[in-house]
Every structure is written in C-alpha cells, then in structure tokens.
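Read through the structure below, which is laid out as structure tokens, and then see the notes.
Please treat every number below as a calculation from the coordinates, not as lab data. Just so we're clear, the structure is a prediction, and the values are computed from it rather than from any experiment. Cβ sites come from the backbone with ideal geometry, for glycine too, and all protein chains shown count toward neighbours.
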Amino acid sequence: MAEQEGDCYHCGLPVPPHTDFAVLISSQQRRMCCRGCLAVAQAIVDNGLSDYYQNRTAMPASGQEVLPEVLQKLALYDHPEIQRSFVIQTSEYAKEAVLILEGITCAACVWLNERHLRQLTGVLTVDVNYSSHRARVSWDARYINLSRILQEIQLLGYNAHPYNARQADAYRQQRRKKELQRLAIAGIASAQVMMIAVALYAGSRYGIDASTQKLLRWFSLFLILPVVFFAATPFYRSAWSGLRSKHLNMDVPVSLAILSAFVGSLWVTMMGGTSVYYDTIAMFTLFLLASRMLETGAQEKSVEAAENLLKLQPAMALRVRDGQQAYVPVLELLVGDHILVKAGETFAADGEVLDGQTSADEALLTGESRPVSKQAGAKVIAGSINLDSPVVIRVGGVGEHTVLAGIVRLVDKAQAEKPKIAQLADQVAAWFTWGLLGFALLVYLFWLWHDRQRAFEIVLSVLVVTCPCALSLAVPAALAASGSHLIRQGILVMRGHALETLAHVNHVVFDKTGTLTMGKPQIVAVLPLSEIDEAQSIRLAASLEQASSHPVAQAFLSRVSKQSLFAVDLISNTPGQGISARIEGKSYQLGNAMFVGHGDSTMEAEQLLIFPGATCVWLRDEKKLLALFVLQDRLRDDALIAIQALQARGMTLSILSGDAESAVAYTAHQLNVNNYYYGQSPANKLNYIKSLQAEGAVVAMVGDGVNDAPVLAGAQVSFAVGTGVDVTSQSSDIVLLSSRLLDVAGAIETSMATRKVMHQNLWWALVYNLVALPMAALGYVSPWLAALGMSFSSLIVVLNALRLR
C-alpha cells in the first residue's frame, strides 16, 4: 500500500513542514511524520523486517513514543496480583497469556508482530490469529517481562491488552455491525439497481429513448458507487494481500470481476455502448457478502459457545473471612479463600465444597441436563449454578486458572489446526484460481477473434460464475458447524485432525476402571490374614496409595483420615499391577496376586463367587500376606447403551484392563463384548493398539485419562472420560465433559455426518463449476445470471453445512 508524496512512509499521515525525520528503507530515504514513526520504522529495519512495507495492505496507526506514564501503566501488568487473572504458569519460569491486539489491519500486521516479538530474548512462542486479533504469547520470566512485550507491541504502533471474553464479544459485535452495514448497503443498492435494470432490459427489447437510457445508466452508476467502494472493500484487501504474498486466493477473481465490470460499465455510461453490468455487480456483491457472513457466523459459533461460559462467571463473590462476609471482586480472590454461594447464584470460581449440600446445574459445561449432587469434598466448576441451598466452597482456581478458561484456550488452539482435507481444499482452490484466470484469458482471446462485441460480457460471466468461493467454503463451514454442535453436547475436540480421523474409525478400545465403570470402587470385604486387624490393614494400604490418583487408591484413602497415614519412602509404582514402599523401615507391597508374588487362589475364588466381577487386592510385608481386600465397582448407567450403539454401527470393540481376569471377564459379559484382555500394563495396552493398527484398523481409544496417557497418544483418535476438572492436562484428542459414554457414538456419528457434508459440498462445487464454466464460455450465461448462480452455489454450501448444528 503506497503513501502519497509528502506523506509519512510508515503511517501515511502528512509530514509536517520543516520535519526532517527519515529512515533508509530499501536503499531509499523514507520520510517520517514524528519521532514515534521514526522509532518504529528504524526498529523494523534493524530487525530485518523491511518486507513488511511491501506486504502490508493497509496503513497502521501512527507510531507513538512510549511516555513515562504509559510505561508505568504497562509495568502494572508485571504485578503478580494482576497477572493472576490472565497469565498461566506453564512451567517453573515459563508463562503464557492471551492478548487482544488493536490496530491489526492486514496479514502483514500479523507477520510483523510475530516476527518482531519472536526476536526478543526470552519470548518462547507468539501466535496471532488474524480473524480474532488474538495473540497467544509465552515467555521466560527470567529474561523478559510482560510489560516489555506490551511496550514492544506499542512501539510498532499497535495496542495490546489482556484478553477478556466480554471485550472479545464487544469486538465481534462491532465487526458484525460493519458487516451488516456492508450487507445493507449492497442490499439497498441491489434493489434499486435491479429495478432500473428491468427498465433497461425491457427498453432494449421494446425500445427506449436514448436520453432516458443514458439517464437510467447514470442513476445506476451513482447507486453502485457505495457498493464498489465500501461494501466490496474486504474483497479488494484480501486479494491485494494474496497478490503481495504471491498466493492467489479466491478474492482475486472476485475483485477482478467486480472492478472490471465497474470499469466496463463506467466506460459504456460515459462513452456509449451496448450493455452495463451494474446489476451484476450489486447482486454478486450482495450474495457473496451474505454467504461470507454465514460462514463467519458458523466459524465463530464454537469459540462463542466456550466464551459464553466465561461470561457467565459473576464479577463479585461473597468472601467469608474471620467470620465476616463481604462482597469482593472475583479477581481479588486467592486460592484457599472461602466463599459463600447462595441458592440460585453462579459459582464464581473453581473449588471444593467445605460446608453444606446442594446440587449444581453444569449443563452449559457438560451438556448434562440433570442436576449434579454436591456434598462436602465435591468439586465445583466456575460458571455452574447452585440450585438448592447455600454452600461454602474453598477456592481452587480463578481467572485463567479455571476449567472454563482452559477450555477456551484448548478450543482456540484446536481451531488453529487445519485437518488434511481442509488443507487439500485450500490447495485445490488456489490451483483452481490459477486455472480459472488462465481459462478466462483464453476465452477472451477466442471471443475477440470470433465476436469482439461479446468478448467482455462473456469473460465477465466466466469470472463470476466460476468463482471458487463454494470450493473454499466447502470444508471450513462444515467443520465450524459440527464443532459448535459438539461443544453444546459437552464434547470438546482438542485436536484439529480428530474430527476428520474419527469418521474412519472401525475399532474402539475401552479401558475398564473409570471408563466403563464408575471409577469409584468400594471396599466390600476385608479379610485379615495375620495379627493385623482390619482397620490397621486399611491404614497401611491407604498409606501406600497416598500419592496415587488411581480410583483404587481413592477407595482406600476415603476410609481413613489424612492425619492417620504413615510416612512412606522408597515408593515404586508398577502401573496396572501394584505399588510397593517402605513404612517405618519395613517393606510392604499392595497389588494383585502376581505383583505380591503369590496369593491364596482358593480364597480369591470364594470371594469372587460372593462378589461377581470384584477386584482382589493383596497386602503383604517382607515375610507374609497381611490382608485381602475385595473391591467392587459398578458399570456406568449408559455403558450398555453406548456399547450397543457402537455395535449397531458395525464397530469392533475391545476392553483392555489391568484388573484381574474375573473382574474384566464379568464386565465384558455384562456388556456383551467378546474381545477383552486382563492384567494389561500401559506398555501392553500400547502394544495391542499398535498390533491393531498394523492390521489396518483405525483405532479409537477411550480411557479416563489418568493412567492411560501413552495409550491415548498411541491411538489414531482418543477419548478421555472426565468431569472436566482436569481437562487442560489431558493428552487425548477429545474430552467427554459430561462423562457420558454414549457421546462416543454421538461424536462418531457427527464426524461421519461432517465428512458426508464436506463431500457433498465438494462434489456440488465441482459439478457446478464443470457445468457452469462451459455454459458461460459458450455465451449461454449472462453476467447477472452468472452472479446469481455463483452466489447461490456458495449459499447452498454454507446452508448445507449449517444442518450439522
């Protein structure tokens, strides 16, 4: 984007008289209007970023000198108390924050900010989302502060501030308002121009006075000016950016069609001629803006669904301290604070119930419509609603440290990843654009030779009717619509490729404990085998398990108080088998019969007859067996329905578990699953997954995400079943926030429907272009009909995708 002579080379503003600021850029002295632009331009050149001036498509804000009072304000963002609300501590020294960048006008602005910040010592990663203007920045606090990063952004002429869901929503509303203004102008102009076009078309057939015809053309010209120079400007900016970066996008033929039609019609209006195409410009722009607006709306739905949860969090909370109650801003809450949440109020923070009993509505988070019971010790999630009675909770996380904030970050990250089919569609659209422009040139040359009078009209029809908009929208629109649908169902897709791969899954593998079962085994029998009584046996077992988060460990820990636990050392955990440690200088082992060396098989068999499907856990010391614990877990309520739904879809199912044969076999029998494997370590589970993949299976692994990380990572697609409390630490591709196993089948069904819609869209775009292109090239399609056809083809693609919602 070039500046006028006498304007500032950086921001485009007039250079004041007697101002002598200049920077050497591309071997030429470029004038600047102020010290701020001088500093910015010099920083760009010094960092080797001069290409920014060749790639930008719009002027930035004027550079500003960072004044002392501004520096003081920026320094406030380094304060730990302020950072608590929006900064995440990802490691000992690494921090991460999401910022909103103001002043982003084109792709070159994104490039400049990313390149400049990445060159700063201590900045680890920088990713700027052009569509949302959000920047995710991580840095090493030992080498750089957040205030320095914000200062560098401001020196470039942009403003940055911490991301806030309400501010982001306000920004989107402002952008939608501008889109609606463009759409309204194009719609009003189209209506007026089309009425005039009817008169012109009728006049050309039945006769019209030359002066009347000229007057109507001039009226059409004035009506179309706002469309060409305001409503259609997003197409020009996008096309120019593509040309600058040597990448032809679909807005290149769009802009070429609009501008060539306008120039041609202007020439005919002023100099005389056969036809004007103002009606084509109006309709083409109107329908194209409408389809783009639908596409943008679909793409934003998934982010909005998560961000709407953040907006539900109240701004104030009733803190209880030293017997006194006082309302304080949520951002002032600290981990460990106690807050009182009354019936009907929204939980202001993540935490744990200390006093009281109630039920919570978590439907917006998990998709579960039934109230969830909350008793002392139960976890609560910020944004859920307290339904029944007042409760006191201990704060566990606020601001960016809540589950909901983590979900927004994960959704944002997942949307940045493009599945292979989307990448392929983009590549095809790019090649199609090149082919279209080449074909249009050949058609123009042919008609110049065959019928010079019709050459311009026909090549305009070719450009308009075969715009690759439908092809470019086919995949993104479907993915966006299905993504928003899944979030509303409590299914969080955490990897961009997951939805595409899930449609090809033909083998689903389940973990047992915590996945098919409730994951809350209870001790139903204790058989002491030595002088140690039942209470002491449970105390020893709980002490050995105190560092574990496995559901079996919780069965023991729930039976004793934390104060009564023994101190342990030399802990050794064998996943899927058991745990050993030393207590007061004596070695103990807790696990299955194989792990402890030997067990009483007769006694174990007797207990399994009494408690079918139970798990037997042995406790022994260095010399002898001390006790046998019998634990029993029950199936999830929807486990059988979920298994039946998957079997009805022709899926092959398997169960992998580290439990004993009897427990796994009993569960498999209840669910009518023939393939089950017991006594499996994580390594064995992973080997089984790899063996299935070697045979050509596309495997989905469903686990609780606690001890299954390697196995979840090894499958092509992985599900973690959890309440969402630890969602941000999951290594899975998809998280079932509601813990409903039936959602596995639902996600697979949605992925298949998404693939079907994508294929329908792609086939429609292909067939449409194969039919429309030769018709237009042969002169059978007029420009206005071409605009109508192209626009409707794009609308059909978007509306077909919206069925997934």
Next on the checklist: Need the full-extension length gain, residue 293 to residue 29, defined as separation in residues times 0.36 nm minus the C-alpha distance. One decimal, nm.
Outcome noted: 90.8 nm
Checklist entry - Given the pairs 586/623; 520/586; 520/624; 95/379; 374/520; 342/379, which are separated by over 20 angstrom at their Cα positions? => result 520/586; 520/624; 95/379
Checklist outcome for this item: Contour minus Cα-Cα span, residue 569 to residue 270, at 0.36 nm per residue, comes to 98.3 nm
Item to check | Loop trypsin sites (Lys or Arg not before Pro), the range 587-667 (other Cβ atoms within 10 Å of the site Cβ: 15 or fewer; DSSP) | outcome: 623, 624, 634, 649
Next on the checklist: If I model a spin label as a point 7 Å beyond the Cα along the Cα-Cβ vector, how far apart are those points for residue 378 and residue 669 in nm?
Outcome noted: 3.5
Next on the checklist: Using a 7 Å offset from Cα along Cα-Cβ at residue 587, what residues in the range 617-640 end up with backbone N under 13 Å from the label point?
Outcome noted: 620-624
Item to check | Gained length - residue 690 relative to residue 792, 0.36 nm times residue gap less alpha-carbon distance | outcome: 32.0 nm
Next on the checklist: Calculate the FRET efficiency for residue 388 and residue 326 from the Cβ-Cβ distance with a Förster distance of 30 Å, rounded to the nearest 0.05.
Outcome noted: 0.80
Checklist entry - Spin-label point model (7 Å from Cα, Cβ direction): what's the residue 229 to residue 536 distance in nm? => result 9.5
Next on the checklist: Can you give me the distance in nm between label points at residue 180 and residue 22, each placed 7 Å from the Cα along the Cα-to-Cβ direction?
Outcome noted: 5.0
Checklist entry - By per-residue mean of other Cβ atoms within 10 Å, what is the highest-first order of 785-797, 218-230, 383-395? => result 785-797, 383-395, 218-230
